[in-house]
1. May I ask you to verify whether Thr95 is open to solvent by 20 Å² or more (accessible area, probe 1.4 Å) and assigned to a helix (DSSP H, G or I)?
2. Of (1) farther than 30 Å from Asp237 by Cα; (2) in a helix (DSSP H, G or I), Ile128 satisfies all except one. Which?
3. I'd like to check which strands (runs of 3 or more DSSP E) are fully inside the stretch 208-324 and have at least 1 residues that are out of contact with any strand residue (DSSP E or B) (no Cβ under 9 Å at 6 or more places or on another chain) and away from the ligand (no atom under 16 Å from the Cβ).
4. Restricting the stretch 266-287 to residues that are hydrophobic (A, V, I, L, M, F, W, C) and over 19 Å from the mean Cα position of the chain (by Cα), which is most open to solvent (accessible area, probe 1.4 Å)?
5. Among the residues in the stretch 180-198, are any β-branched (Val, Ile, Thr) and out of contact with any strand residue (DSSP E or B) (no Cβ under 7 Å at 6 or more places or on another chain)?
6. Given the structure, is Ser256 open to solvent by 10 Å² or more (accessible area, probe 1.4 Å), over 20 Å from Val353 (Cβ atoms) and within 21 Å of the chain's Cα centre (by Cα)?
7. Please work out if Lys144 is modelled with pLDDT of 95 or more, surrounded by fewer than 22 Cβ atoms within 10 Å (Cβ to Cβ) and over 23 Å from the mean Cα position of the chain (by Cα).
8. State which residue is most open to solvent (accessible area, probe 1.4 Å) when the search covers only the stretch 1-48 and only residues that are free of Cβ contacts under 8 Å to residues at least 60 places away in the same chain and in contact with a Lys or Arg (Cβ under 8 Å, 6 or more places away or on another chain).
Amino acid sequence: MESMTLILFGATGDLAKRKIYPALYNLYIDGKLPSSFSVFGLGRRELTNESFQANVEQSLRTFSRREPGDETVVKNFSSAFRYSVLNIGHEEDYTKLLRLVEEREAALGATPNRMFYLSVGPEFFEPIAANIQSSGLGGADGWKRLIIEKPFGHDLQSARELNEKLSGAFAEQEIFRIDHYLGKPMVQKLEYLQRSNPVIEALWTNRHIANVQITANETVGVEERAGYYDHSGAVRDMFQNHMLQLLMMLAIHIPSNGSSEVVRLRKKQVMEALVPLQSDNIQSSIVRGQYAAGSLQGKPLVGYTSEQGIPAASMNDTFIAAKLEIDDYFWRGVPFYIRTGKRMQEKSTRIVVEFKEPLKQQGSQQSEQLEPNLLVIDIGPKEGITLQLNMKDPREKGAFEPMNIEFHTSSHDVREAYENLIYDAMLGDPTFFAHWDEVELSWQWVQPILDAYEANRIPLLPYPAGSYGPSASEELLARDGHRWWLDA
Ligand code: BG6
């Protein structure tokens, strides 16, 4: 792999500590980092290189998915890390940094390939990108790439403005927008599930599929993020990005030789085919919820508005359920139901594909209830696939019984999303990053929901913490003769 310098803004932050350093370390153990590799960590705080390296080592001991192991391996890894104080708004700090980076590249005889990772709030994206450009940090002979993470804007207009500003310094193919759901191993496998299995491929259309259910339930509440979350809500925090990405990944049909361009093109086409919400159907398509007091595993939990830092009159959403339709050849008439919420009964991200009415066996009694066939794709925290079929022993008098064919991986074997994504960004493979077109189309689809929330045209329904959300979420499916599968 080509040599590379990673320039990390927000190096003393939480994401760096919990995700980025452990991911880099696991890549290092797997021999997936370039042999000539350096990291420049940047932050406001004064730190020596030694104490920064010690912090990095500490983060591996605390958060690495695998045991950090041998001390010399850890030391070798952390010796690639340097630290610099940087004030985001001071161009001279970038010029100083450029000198340090150049010195290091020269000492290693490395090509100046530079990856800028902005692990900072979105309000800093623009000044950083502009200063990278004007200081010459991004002007070397090698390649330059930018990694940023959601939120990409607060609504359609701010997302467009942000993109406009970023594109002054980086071309679209240089921007790697992380949506960490796209890094989850099972999400990355989705397209292969379909395209390498004729038995799935043949059924992947509206002729056989009754509906698709995409759920990302969390047991945690607002945690320590009141300031961010109360201005974001489930719709911006999870729905506009992670949930719509899951929908795209499930719904795309990729030819067997599909390149990353094809994947992204097909995802864009799915978004373009998503039927826009109208003022006359938005109320019946969206359920907006906020958790009230409740309990989880016997532990009492306060309601959202009693959480620290949340105003008592907050109208912020902590739950959203939606019905969506994709008006294309494959999916016309198949409802996609999506829901995500905080303080739900279980932590589970999964997709359930419900197949149409089971075949009625000739001569079988009408009263005999058959469950539909279900394909269940568990994305996290457990990862696996279950196919639910019907079975019956003809010699026994009993009824049909659902039979599950199951495959699950143990959580230790599962690579972290950030390992996959950082590795792909190093290779320059954009497949599992959000292209601007997808981001823009997602905001476009979500904007009427934001407007309706703002105007209070969709009721904010309370639900007890530790439940599956407001009962209106059940009704959303019941109206179509469906139900959420697998709720306990
Ligand atoms: C983040 C959201 O993007 O995803 C959080 O900001 C949420 O609010 C998290 O908790 C969920 O991620 P995961 O991987 O635990 O499902």
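The values are calculated or read from the model by the stated rules, or taken from the named source; none is laboratory data. Keep in mind it's a predicted model, so treat the numbers as computed, not measured. Neighbour counts are summed over all protein chains in view; Cβ atoms, including those assigned to glycine, are modelled from backbone coordinates with ideal geometry. All accessible areas refer to the heavy atoms of the entire protein, side chains included, with ligands and DNA or RNA removed. Shrake-Rupley method; radii C 1.70, N 1.55, O 1.52, S 1.80 Å.
1. yes
2. In the conditions (1) farther than 30 Å from Asp237 by Cα; (2) in a helix (DSSP H, G or I), Ile128 misses (1) alone.
3. Strands (runs of 3 or more DSSP E) meeting the threshold: 299-301.
4. Residues of the stretch 266-287 hydrophobic (A, V, I, L, M, F, W, C): 270-271, 273-275, 277, 282, 286-287.
From what is left, the residues that are over 19 Å from the mean Cα position of the chain (by Cα) are 273-275, 277, 282, 286-287.
On the way: Ala273: 18, Leu274: 7, Val275: 56, Leu277: 16, Ile282: 4, Ile286: 7, Val287: 10 Å².
Checked the stretch 266-287; the qualifying residue most open to solvent (accessible area, probe 1.4 Å) is Val275.
5. no
6. On the way: open to solvent by 10 Å² or more (accessible area, probe 1.4 Å): yes; over 20 Å from Val353 (Cβ atoms): yes; within 21 Å of the chain's Cα centre (by Cα): no.
So Ser256 does not fit the description; no.
7. Considered against the rule, which asks whether it is modelled with pLDDT of 95 or more, surrounded by fewer than 22 Cβ atoms within 10 Å (Cβ to Cβ) and over 23 Å from the mean Cα position of the chain (by Cα), Lys144 comes out as yes.
8. By that ranking, first place goes to Ile29.
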